[in-house]
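The values are calculated or read from the model by the stated rules, or taken from the named source; none is laboratory data. Please read all numbers here as calculations on a predicted model, not as lab measurements. All Cβ positions, even for glycine, are placed from backbone atoms using ideal geometry, and neighbour counts span all protein chains on display. Each accessible area value is taken on the protein alone, full model and side chains, heavy atoms only, with ligands, DNA and RNA left out. Shrake-Rupley method; radii C 1.70, N 1.55, O 1.52, S 1.80 Å.
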Amino acid sequence: MCVKRVRVSKFTSTQQSVDGRELWLDIVHHDTSNLCFEFTVKGVSVLYTGKEFILSLIVIVSLLATLDIYNPNLCVVAFLIFLIGHLVAKVLWNVNSESLLLVAPVGIQLTATYHSGHQTSQFIPWHFIIDVVINEAITGYRVVYYLAVLVEQPHHATTKKKLIPLFQQMFLCSIQDHAWHVWK
Amino acid sequence: MLHRVCMVSDFFYPNMGGVEEHIFNLSQCLISRGHKVIVLTHSYGERVGVRYMTNGLKVFYLPVRVFYNQCVLPTMVCSLPLIRYIFIRERITIIHGHSAFSALAHEAMVIGRLMDLKTVFTDHSLFGFADASAIITNKLLEISLADCNHCICVSHTGKENTVLRARVHCDRVSVIPNAVDTAAFTPDPSRRSTDTITVVVISRLVYRKGVDLMAQVIAEICPRYPQLQFLIGGDGPKRWLLEEVRERGGLQDRVTLLGSLEHSQVRGVLTRGHIFLNTSLTEAYCMAIVEAAACGLQVVSTRVGGIPEVLPSELIYLTEPNVPSLLLGLETALANLNSGNVVPPWECHHRVASLYNWMNVAQRTETVYHQVAGEKTKTLGSRLRSYMARGVLPFLLVVTLAHLMLRFLDWMVPRQGIDIAKDYNVTSHIMGSSHSNGDVHCHPYQARKKLS
């Protein structure tokens with residue numbers, strides 16, 4: 001029972017994600033022994049003032065203004081639909097915070113909370129976990145470091161070993177320094 | 001002064017070839033001298049992302065689609081955001097492009113120059129002047145090298161060729177030959193057969209390696225010398241020609257086609273032979289003959305391109321690139337072998353080892369880097385003027401577009417937001433492993449690297 005919630009540390013706004021957003025890291029000890037932790041990464045919401053959002057709005061407005069309603073250019077219309085769809089997707093499915101609930105030796109649960117309040121979660125049993133690694137990947141136009149859990153599933157049909165990335169939506173800047181603080 | 005170098009080329013591991021080996025060996029030697037080196041190349045099948053090779057050589061397999069012959073589409077701006085990101089992330093100071101055929105190298109060099117980084121280019125091939133493809137490629141090379149800080153060629157013939165076809169001023173071109181890993185290529189006379197004489201050929205079976213000449217030579221010389229055996233390693237589109245010769249002459253037991261070889265298997269095949277045959281029609285610098293000489297084989301080769309500069313005259317028999325001359329060369333080599341008038345294998349090896357080693361190449365390349373790092377950065381205006389002097393004005397538009405995209409990206413994805421990558425610390429890794437084991441832990445690459 002979470003009688004005593006001890007807030008160990010709270011990192012302040014000096015932490016920046018790779019997108020330039022501010023991130024807050026919360027660490028909660030759910031019991032007095034070091035067996036139950038919850039790490040939450042919250043992004044300060046800058047969606048509506050972010051560069052990408054404003055730029056997309058400007059492009060959409062200018063395309064709409066120059067669009068000829070009675071004789072529309074198919075390419076322009078397709079591009080416009082793509083942009084508007086992308087914008088709507090970002091608004092609806094923007095990840096507000098992600099949390100990692102660690103209960104030794106039961107397992108790890110990853111929860112992502114969206115802007116609309118909707119939550120998705122994924123659970124990894126303890127005995128499947130082999131190791132936690134920091135890996136580097138090329139995503140789109142960036143190269144980022146991300147935290148991942150090396151998992152072995154002996155009874156799975158096809159994939160015996162998997163790498164499950166944590167905190168997929170929020171990429172922390174200078175992750176190695178923070179990871180050292182967090183996992184000490 | 002330590003530099004942070006980015007080697008860029010379309011051609012890298014797992015593709016095997018001279019350029020790939022050059023990049024790898026040079027990078028390893030530069031790392032051992034303390035510089036930081038990363039490699040940028042395109043993805044090979046499933047191999048995408050960041051990989052680490054020996055001694056922490058970081059290789060970026062970029063997710064760019066391959067267009068033709070292991071090259072990417074030669075747009076100058078499509079991978080711009082990603083390449084810029086990588087340069088800032090790894091704090092690169094010098095960009096070293098390899099191979100004139102590599103579109104990725106040219107793209108990265110254009111982007112790097114606009115970001116005020118220094119660029120060096122190494123040209124590995126000779127090229128003609130006459131046909132349409134040559135004219136176009138030469139022009140592309142000319143405009144790409146118009147603003148390059150320095151150019152390196154692998155032989156004096158290569159330097160002549162590059163200076164003429166790309167109109168680079170000869171002061172900006174240096175000659176640094178390739179080298180061979182003499183610790184790996186050592187002779188082993190016990191593996192040679194005593195009753196037959198084996199001629200080894202290892203090359204890609206393409207037109208420019210003279211496969212037609214090779215096939216005719218085999219067809220003509222086999223009936224004359226019954227104790228001759230041919231061992232052919234390598235694969236390619238012209239393989240059918242050799243198989244046809246084999247069938248027609250009934251030479252199934254005398255000509256062995258080994259197919260494509262792993263680089264680790266090459267030495268094993270070379271040591272089984274007495275003579276190495278090279279029938280290239282054009283070659284800037286032939287790695288294969290140096291490897292063969294390091295393994296103690298006699299070398300018979302066509303006198304083309306930079307080959308005469310590579311080995312001293314006692315170690316090589318040079319012929320003209322036609323069948324009668326090649327036959328004469330082979331017969332001379334056979335006669336010398338039978339009479340015992342040959343340089344002993346180990347002496348051959350020691351001579352090659354004294355002439356070529358990778359640390360020497362790395363040292364000379366480092367000198368080029370020092371010189372290049374000291375040069376002043378040019379303004380955008382002077383860069384555009386040097387491009388304009390080449391006469392291809394539409395390229396100015398491409399460069400301007402790239403410049404504008406870089407300015408836009410500086411606003412959109414600012415440099416402060418880009419995570420700086422940690423460097424792989426070679427010395428701490430090696431010291432750590434030697435202490436943890438108690439006894440002396442020999443790092444595998446260090447054991448192979450003999451600093452002759």
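Note down the net charge around residue B:406, summing +1 for each Lys or Arg and -1 for each Asp or Glu among other residues with Cβ under 14 Å from its Cβ.
Values: positive: B:84, B:113, B:383, B:407, B:415; negative: B:107, B:116, B:410.
Charge balance in the 14 Å sphere: +2.
As a quick test, which of the pairs B:58/B:376; B:139/B:378; B:58/B:118; B:36/B:118 have an alpha carbon distance above 18 angstrom in this structure?
Over 18 Å apart, Cα to Cα: B:58/B:376; B:139/B:378; B:58/B:118.
Looking only at Cα atoms, what is the convex hull volume of segment B:7-92 per residue, in Å³?
94
Out of B:312, B:257, B:282, whose Cα points farthest toward the positive end of the dipole of segment B:189-352 (charges: +1 Lys, Arg; -1 Asp, Glu; placed on Cβ)?
B:257
Could you give me the radius of gyration and the Dmax of segment B:1-154, taking only the C-alpha atoms into account and expressing both in angstrom?
Over segment B:1-154's Cα set, Rg and Dmax evaluate to 14.6, 44 Å.
Rounded to a whole number, what % of the accessible area of segment B:189-352 do carbon and sulfur atoms account for, probe 1.4 Å?
Carbon and sulfur: 51 percent of the exposed surface of segment B:189-352.
Residues of the protein assembly as shown: accessible area per residue at 1.4 Å, in Å²? All intermediate terms of the calculation are to be shown ahead of the outcome.
Details: 30490 Å² over 636 residues.
Accessible surface, normalised per residue, equals 48 Å².
Cα convex hull of the protein assembly as shown: how many Å³ per residue?
Value for the protein assembly as shown: 229 Å³ per residue.
What ranking, highest mean first, results for peptides B:120-133, B:101-114, B:154-167, B:235-248 when packing means the other Cβ atoms within 10 Å averaged over each residue?
B:101-114, B:154-167, B:120-133, B:235-248
Give the aspartates and glutamates whose C-alpha is closer than 20 Å to that of residue A:161, dropping any in the same chain fewer than 8 places away, or say none.
Of all the aspartates and glutamates, those that pass the test against residue A:161 - Cα under 20 Å, at least 8 places apart if same chain - are A:131, A:136, A:152, B:46.
First select every other residue whose beta carbon is under 13 angstrom from the beta carbon of residue B:12; then total the charges, Lys and Arg +1, Asp and Glu -1.
0
Place a +1 charge on the Cβ of each Lys and Arg in the protein assembly as shown and a -1 charge on the Cβ of each Asp and Glu, then give the dipole magnitude about the Cα centre in debye, rounded to the nearest 20.
1180
Using a cut-off of 12 Å between alpha-carbon atoms, which aspartates and glutamates can reach residue B:238, once sequence neighbours fewer than 8 places away in the same chain are excluded?
B:212
Which whole-number percent is the relative contact order of segment B:189-352 (Cα, under 8 Å, 6+ apart)?
23
For the A and B pair, go ahead and give the buried accessible area with a 1.4 Å probe, both sides summed, in Å² to 100.
Result for this pair: about 1700 Å² buried.
Any idea which of B:50, B:16, B:98 is furthest toward the positive side of the dipole for segment B:2-137, if Lys and Arg beta-carbons carry +1 and Asp and Glu beta-carbons -1?
B:50
Determine the dipole magnitude for segment B:189-352: charges of +1 sit on the beta-carbon of Lys and Arg, -1 on that of Asp and Glu, nothing else is charged, the reference point is the Cα centre, and the result goes in debye to the nearest 20. Mind dumping the intermediate values first?
Values: 15 positive and 16 negative charges, 40 e Å.
It comes to approximately 200 debye.
Which of the residues in segment A:48-90 show a loss of at least 10 Å² in accessible area from their chain by itself to the complete set of protein chains, at a probe of 1.4 Å?
A:51, A:52, A:55
Below 12 angstrom from the Cβ of residue B:217, what's the summed charge of the other residues (Lys, Arg +1; Asp, Glu -1)?
Once positives and negatives cancel, what remains is -2.
Using the scaling law 2.2 N^0.38 Å as the reference, what is the normalised Cα Rg of chain B?
Relative to the rule-of-thumb radius for its length, chain B sits at 1.05.
If you take the charge dipole of segment B:189-352 about its Cα centre, with +1 on Lys and Arg Cβ and -1 on Asp and Glu Cβ, which of B:340, B:225, B:194 is farthest toward its positive end?
It is B:194, whose Cα lies furthest towards the positive end.
Note every residue of segment A:132-151 with a reduction of at least 30 square angstrom in accessible area, all protein chains present versus the isolated chain, computed with a 1.4 Å probe, or write none.
A:136, A:138, A:141, A:143, A:145
Using only the alpha-carbon atoms, how far is helix B:394-412 inclined from the longest principal axis of chain B? Give it as 0 to 90 degrees, nearest 10.
60
Could you work out the pair-distance distribution P(r) of segment B:189-352 from its alpha-carbon pairs, with 5 angstrom bin width and percents rounded to whole numbers?
2, 9, 20, 24, 24, 15, 6, 1, 0
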